Every structure is written in C-alpha cells, then in structure tokens.
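**Q** Questions regarding the structure given below will be posed in turn.
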Amino acid sequence: MSTRRSRALPATAITLATALVATACGGSDGGDEGGSGTVRMLVNITDNLTQAKWDELVAPFEEETGIDVQIEGPTGQSVAETFPSQLAAGTAPDVIESIFPSPDTAPEILDLTEFEWAQDTPMSDLYATDGQVNVVGVGMQAQSLLFYNKDLFSQAGISEPPQTWAELDDALAALQESGVPTPIGFAADWATGVQVQQMWHPQQNVATPGWQESVADGSSTLGEQFEPMLAHVSDWVEAGYTTADDVATDSGTQEANFIAGDVGIYPMGSWFTTTLAASPPDFEVGVFAAPVDDAADAPGPMGATLAFPYMVRDGASDVDAATQLVEYLVTDEDAIATQAEMDNFNREGLDVTTDEYSASVQEIVEAAPSFAVPGNQTVGDYALPVAGFNPKFTELVQGLWQGRPAADVAADLTAWYDAEATG
Amino acid sequence: MAARSTWTRGRDTLGALTLTVPAAAVYVVLMVVPVGFAIYYSFTSYNGIPSQAPEWIGWDNYLRIITDPIDEMRPAVWVTAAVALIGAFLVNAAALGLALLLQRTNRFNTFARAVMFYPHVLSALIVGFLWQAILGPQGAVNNILAGAGQSTLPFLSDPTWALATMIGVIVWGQFGVQLVLYLAGLQAVSAELQEAARIDGANRVQVFRHVTWPALAPTVTVTIVTSILSLLKVYDVVLGLTNGGPGDATQTWAYEILAVSFANNKVGLACAQAVLLILVAGLLSFTIIALRRRAETGAEAVS
C-alpha cells in the first residue's frame, strides 16, 4: 500500500542528490540506437516488495532485451512524495510504479492509449480519463474486505459472516459480549481513512453509483456521501468496539494484534493476505465483503484499486525501452506470476492465488457484481478533482475517536472539498 | 603623501573586499536567492514542476492562510506557539538546572555531560520513533502498566496528552545544545565575584540570583532565541512520534508546510506559509533581543 503521509523537505534534498547520482551513472551507459538503453524505475519498497525481488522480476527482461533496468526505491517516505520531488529537481525516473497520475503530474506522463496491450490490461477502463490510458497494472487489489477470526466468531455464537450493516452491528455486539478485547480493529496514520472508506465502498456505490462524479458536478457533497459511514463508526466508538488507542496504533502492530487473536474483525485490503501467509495465525481466518444496508443488494460493488500500477514518464531518456519494460511487466505471464508472489492481487481469468487467504479473497472478488474505485484515486473519470483526499479524510475521521459528532466531521469534509476544489 | 594615502586606502578596501566578497557571495547564493524564490513563488499558483510555469495570483495564498477557510492553519499556529513557548521554557529550565549541577569538572560530570548531549546527536526522526515505541498504546510504558494491572495512559491517543507528550519529547531531544551553551556561559562567570559574594554572607541562592544569573544574561538571550527558532520549525519529531495526530492535534506550522502543502504539490501556498514563518521567527527574535538588552547591560556592569 503506497498511501502514506509525507516528509517532504528533507526528502527533497536527498532525492535531488540521489537522483542526480543515479542520472549521472545511468547516462554514461551505452545502449540501443536512439536511446540510452537504460531504464530507471522508481518502485515501492516494503517488507514484501524488496529490492532483491524487484531485481529478480526485471532480470529476464534485461536478459532478453539487453536493456539495463535500474531499480530505485523512494528517497522520501513514499513514491507519491518522491516522484513530484524528482520532477521538480529534473531527475525524475523513466518508469514509476505504485502511484497514479495526479492533475499535477498527468502532463508529465506518457499517453499509452495507442498501445493495444495497454487497452487490455485490468481496470484500464476505470482508470482512463475520457478514454485516455496513462497508467496500467497487472490486476486489482480488492479493498472492501473484512478479515475475521473464525474462532472468536464461533465463541461469540456468530454462525454466518454479516452481509448487512445491521448484522455487522449485531456481530460486533456479540464479540464484545464474549470478551473480545477489540471487536473491530482500526489503525493509525493512512490506515484509518483507508479502512473507513474501504468498508463504505459497497453501500456507497449501491446508493450513488459513480459518487465521485456526483460530488464533482455538485449534485452531492462529500459530507453527504460519507456521513452514514461516519455515524456507524461514531456508534462503534461510543459502544467501545474500537478505542482511541486503535488510531494511535500503527497498522503493522494492529495486524500483529489480529494474528495474535485479540481482534475480532480487521478491515483491510487484499494485500493483508501476504502478511497472513507469512505469519499464519493459530486460528482459521475468514474474510467477507463489506456490508450493505439491504441483504438483497449483497454483495455490493467491490472497492478495488489497480495492482502494480505503472506509468512511463513522457520525456524518459529512452521512451521505447521504458514502454517495452512496462509492456513486459503487465503482459508477460511469468512476470505477472512473479508479481503475484511479491504482493497479492486478483485478476479475472487468471488464477494468481498463492495461498488459502488469497484464494478466499479471489472467491469474494469473483462474486462481486462490479468494481468501484476508491475516493483517493487521483486519475480517471472517477477521480475527485482535489489532491490530498485520504490524508485529510484520515485527519477528520480520527476526530470520531475523540468524540466529535459524525455530522460535524461530515460538514468539515464538505468545507474542505469546497475550499480545495475552488482553490 | 596624499597619493600614498589614497593608495593605502585602496589597498585596504581591496583587502576588505577580497575577504568579504566570497562570504557575501556564498550567503547570497545559499540564503538570499532561495528566500527570494520562496517569496516569488508565494505570490503564484505553482506545483513545483518546472515544465508547468508558475501563475501569478498576487496575495491569494496569503489571503487563504489568513482566512483559513477549512481551519487548517489556526490549529497549527496554536500547536506551534505551545511547542515554542512551553518548549523553550522547559528546554532552558532543564539545561540551566543541569548546567548548574554539572559545571564542576570531574569524571562523573564529564560523563554526565556526554550522556545529556546524546539525545541531540540522534536524528529527530529517530527520537520520534523511539519515544513512539516507548509511549505508544502498546509501548514499553503501557505494557509495564498493563502487566502491573494498572490502566494504560493515553500518551499518544488523547489530543491533549499527545501534545504534552510531543513537547516533552522535543525538550528531551533538544536541551543538550542549550546545556552546552549554559556550561560555556557558566565558565565565563567571574569566580572572584561569586567568592566575594559568599564572603559577604550570601547563600547559594543569593549568589545565583545576584551574581551568576545577571552574568549569564548574554547566554540566556542566545539560548532563548536559538531554542525558540529551533522549536518554531519542529517537523521530524512530529512525523516520527504522532504524524500530526490524533486528528490534527499535533500538526505544527512546519508540518503543515511540508506534509500537507508541499506533499500536495501546492508549492505556492507552502512558500507563503514558509515566508510567514520566517517573518514570525524574525519578529520574535528581534523582540526577545530587544527585551533582553537591559539584562545584558546589567551583565556588562557585573563583568
């Protein structure tokens, strides 16, 4: 997951220095006619996505084409922060992984619409702007998932995973009644906002399909869109299903709490299956889609983001080589399989499940009637025309854990959107 | 004679210029030019990407900061004011108190001085992460409390506690420099005057109040100004310790510039926020120096 808060100024200086060095090194390499023969690729580095695994992923491509691929990790806290800094410094990489174009960076990104292979990549339609494709990926990461501890559910007398919000409320009450320390686990920083949004995607898109467009054209407000979800969270805080300590606990620790058996339900995207597979809990883990109001609508549209998104910088030192690399990464079966081992994702028509947890997610993805893009998407026809949605959403939503009423938080969301959209 | 005098003056001027111009050039290139760019960008709508030219928008960025339509800057200014004022007081109190305890040179004090300075050697970001691990909801302290059957404390999960915790951590990370300054200042206090006061019957408190403290006035001015300037731009500790949360409870002015405006490519707005921070820092510094002038005059008299 690349959504993280930023640490810009110190990073900018380091970015400048590192990228300058990288450019200097890369520029001296020989290469094919008309290009440097070297592609610098900025990628997300995490516990799962290590430098070694990235090197391993691109090694067959290098061997086959003779193009040298230089893997670069973010010099700041995230790729989202590093890429604009490098653009400002004039040292931007050729291929960028893990982020999407924003209104500011989109003019710097190569239009891939003319490439037939780009049109056939997963979710390319949902991420296109007026049919223009400038980001491609290998699959989707399901977002609206709630992982649960089957032992704790049995202990609480819950026989079936909830399908509706009312059933979820009943399940949380039963978990609390049976003595579960944290019936539902939220986490700090970016996770709070993402978790709350993830849980609301299905019902939100049942009620207002393409809600981002409704907000953008003024027929709805951001506050209206999220107030019912905020009210649910507010009720849970009041009931003690989640406490202020949760939103001061980092996601890694909260995931460890779930694995230790202290958390009944943990809302998180499909990438959590990689963590579960690496540290399998002693209990059986279940997963269900986020609920809807009416059982007849279940399962609702599944919130999903593009997995392993890649962009090519317009003006890359060797555009052809960079485009070849991206084509390889999103179309080559071996490359796709390697990426599935690095971080879980789902892809229609291709079984890339690597463990029991990702297989459970695959079942839910296949049962979903449609897919919906989240509010923090920065590109495409469904993008909100503002920057910084998730950080602001997180900041305001955390107020619920401090006793702020849902209506006040919703009003602040609307005010923020209005100020940002006009400013 | 006149020709020789002119030649001498010219040689002196050339010598002065030779010594001054390189330093002035470095200062202009590294300080004046960047600040000049920041001031220019503060009047533009600019996302920091060179291929997309800045658009002149006059005072709009400043108006947005002053009108604060979404209540972003006001909380950040209050948090920064609390950090700067309370933090500066605590940093100086801790540093002066410890300097008085450690001013005599012996093995233990030399070791203790090194230990006290050590937090400042650590990166501020690491200081933040370190104390997050100690004071977080499942940190070392709360684990001990929970293990002893006590209720845990909301060091980082309650807004008021989080701000107090953050100030405490910042003080812990910063007082080492002020300690060194106070130790240096104490070395310069006249031992004869202190001895004379003691012979006249003054006790320890009286010697400190009437001799040591007045003589330390220039040091106090320097430590207050440097600590406030440093605290006004606190960012890394915030990032490591609370990341501005819960909510916006610990977001400082610098955090607003770097983690909110810059992060969202609002370079013009970020520059306007930075320019205002520079003005506030300058105004505070000059005010403190002016207010301290009388005390420093007294120190000269004591010397």
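The values are calculated or read from the model by the stated rules, or taken from the named source; none is laboratory data. Every value quoted in this text rests on a predicted model; they were computed, and no experiment measured them. Cβ placement follows ideal geometry from the backbone for every residue including glycine, while neighbour counts extend to all protein chains displayed. Please note that ligands, DNA and RNA were not included when accessible areas were found on the heavy atoms of the full protein model with its side chains. Shrake-Rupley method; radii C 1.70, N 1.55, O 1.52, S 1.80 Å.
**Q** For the range A:199-233, give me the residue count where each residue is more than 14 Å from chain B (Cβ to nearest Cβ) and in a helix (DSSP H, G or I).
**A** The qualifying residues number 23.
**Q** In the list A:GLY90, A:GLY76, A:GLY131, A:GLY66, which residue meets the criterion of being within 14 Å of chain B (Cβ to nearest Cβ) and on the phi > 0 side of the Ramachandran plot?
**A** Answer to the check: A:GLY90.
**Q** Go through (1) touching a residue at least 40 places away in the same chain (Cβ under 8 Å); (2) open to solvent by less than 10 Å² (accessible area, probe 1.4 Å) for A:THR105 and report which single condition fails.
**A** (1)
**Q** Another question, if that's okay. From the list A:GLY300, A:GLY269, A:GLY286, which residue is under 16 Å from A:ILE364 (Cα atoms), in contact (Cβ under 8 Å) with a residue 12 or more places away in the chain, open to solvent by less than 50 Å² (accessible area, probe 1.4 Å) and touching a Lys or Arg at 6+ places or on another chain (Cβ under 6 Å)?
**A** Among A:GLY300, A:GLY269, A:GLY286, only A:GLY286 is under 16 Å from A:ILE364 (Cα atoms), in contact (Cβ under 8 Å) with a residue 12 or more places away in the chain, open to solvent by less than 50 Å² (accessible area, probe 1.4 Å) and touching a Lys or Arg at 6+ places or on another chain (Cβ under 6 Å).
**Q** Filter the range B:80-121 down to residues that are out of contact with any helix residue (DSSP H, G or I) (no Cβ under 6 Å at 6 or more places or on another chain) and either closer than 10 Å to B:GLY176 by Cβ or among the small types (Gly, Ala, Ser) (or both), then give me how many there are.
**A** Of the residues in that region, 8 qualify.
**Q** Next up: Pairs please, first residue from the range B:207-219 and farther than 12 Å from B:SER190 by Cα, second anywhere and surrounded by 21 or more Cβ atoms within 10 Å (Cβ to Cβ) and hydroxyl-bearing (Ser, Thr, Tyr), Cβ atoms under 7 Å, 6+ apart in sequence or on different chains.
**A** Between residues of the range B:207-219 that are farther than 12 Å from B:SER190 by Cα and residues that are surrounded by 21 or more Cβ atoms within 10 Å (Cβ to Cβ) and hydroxyl-bearing (Ser, Thr, Tyr), the close pairs are B:THR219/B:TYR182.
**Q** Since A:VAL58 meets every condition but one in (1) free of Cβ contacts under 8 Å to residues at least 24 places away in the same chain; (2) open to solvent by less than 10 Å² (accessible area, probe 1.4 Å); (3) of a type in the set (Val, Ile, Thr), which condition does it not meet?
**A** With (1) free of Cβ contacts under 8 Å to residues at least 24 places away in the same chain; (2) open to solvent by less than 10 Å² (accessible area, probe 1.4 Å); (3) of a type in the set (Val, Ile, Thr) applied to A:VAL58, the lone miss is (1).
**Q** Kindly provide the set of residues from the range B:35-69 that are open to solvent by less than 60 Å² (accessible area, probe 1.4 Å) and without any contact (Cβ under 8 Å) to a residue 24 or more places away in the chain, ordered by number.
**A** Answer for the range B:35-69, where residues must be open to solvent by less than 60 Å² (accessible area, probe 1.4 Å) and without any contact (Cβ under 8 Å) to a residue 24 or more places away in the chain: B:GLY36, B:GLN52, B:GLY58, B:ASP68.
**Q** Still on this structure, please answer the following. In the range A:379-420, which residue that is farther than 30 Å from B:THR160 by Cα and open to solvent by less than 50 Å² (accessible area, probe 1.4 Å) is farthest from the other protein chains (Cβ to nearest Cβ)?
**A** Among those that are farther than 30 Å from B:THR160 by Cα and open to solvent by less than 50 Å² (accessible area, probe 1.4 Å), it is A:GLY380.
**Q** Quick one: would you say B:LEU135 is more than 26 Å from B:ILE278 (Cα to Cα), buried (at least 19 other Cβ atoms within 10 Å of the Cβ), modelled with pLDDT under 95 and in contact with a Phe, Trp or Tyr (Cβ under 9 Å, 6 or more places away or on another chain)?
**A** Judged against the criteria, B:LEU135 is not a match.
**Q** Is there any pair linking a residue in the range A:115-135 that is more than 24 Å from A:PRO385 (Cβ to Cβ) and in a loop (DSSP other than H, G, I, E, B) to one that is open to solvent by 30 Å² or more (accessible area, probe 1.4 Å) and not aromatic (Phe, Trp, Tyr), with Cβ under 9 Å and at least six apart or on different chains, and which?
**A** Taking only residues 6 or more apart or on different chains, the pairs are A:PHE115/A:GLU327; A:ASP120/A:THR331; A:THR121/A:THR331; A:PRO122/A:ARG347; A:PRO122/A:GLU348.
**Q** Residue by residue through the range A:146-160, note down the ones that are surrounded by 18 or more Cβ atoms within 10 Å (Cβ to Cβ) and over 22 Å from A:ALA187 (Cα atoms).
**A** A:ALA156, A:ILE158
**Q** Looking at B:LEU269, B:LEU231, B:LEU283, can you tell me which residue is open to solvent by 30 Å² or more (accessible area, probe 1.4 Å) and out of contact with any Phe, Trp or Tyr (no Cβ under 7 Å at 6 or more places or on another chain)?
**A** Going through B:LEU269, B:LEU231, B:LEU283 in turn, just one is open to solvent by 30 Å² or more (accessible area, probe 1.4 Å) and out of contact with any Phe, Trp or Tyr (no Cβ under 7 Å at 6 or more places or on another chain): B:LEU283.
Let's see how each residue does on (1) assigned to a helix (DSSP H, G or I); (2) modelled with pLDDT of 90 or more:
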site: B:VAL225; (1), (2): yes, yes
site: B:VAL237; (1), (2): yes, yes
site: B:PRO246; (1), (2): no, yes
site: B:ALA259; (1), (2): yes, no
site: B:LEU279; (1), (2): yes, yes
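**Q** Are any residues in the range B:242-261 more than 10 Å from chain A (Cβ to nearest Cβ) and open to solvent by less than 10 Å² (accessible area, probe 1.4 Å), and if so, which ones?
**A** B:THR250, B:THR252, B:GLU256
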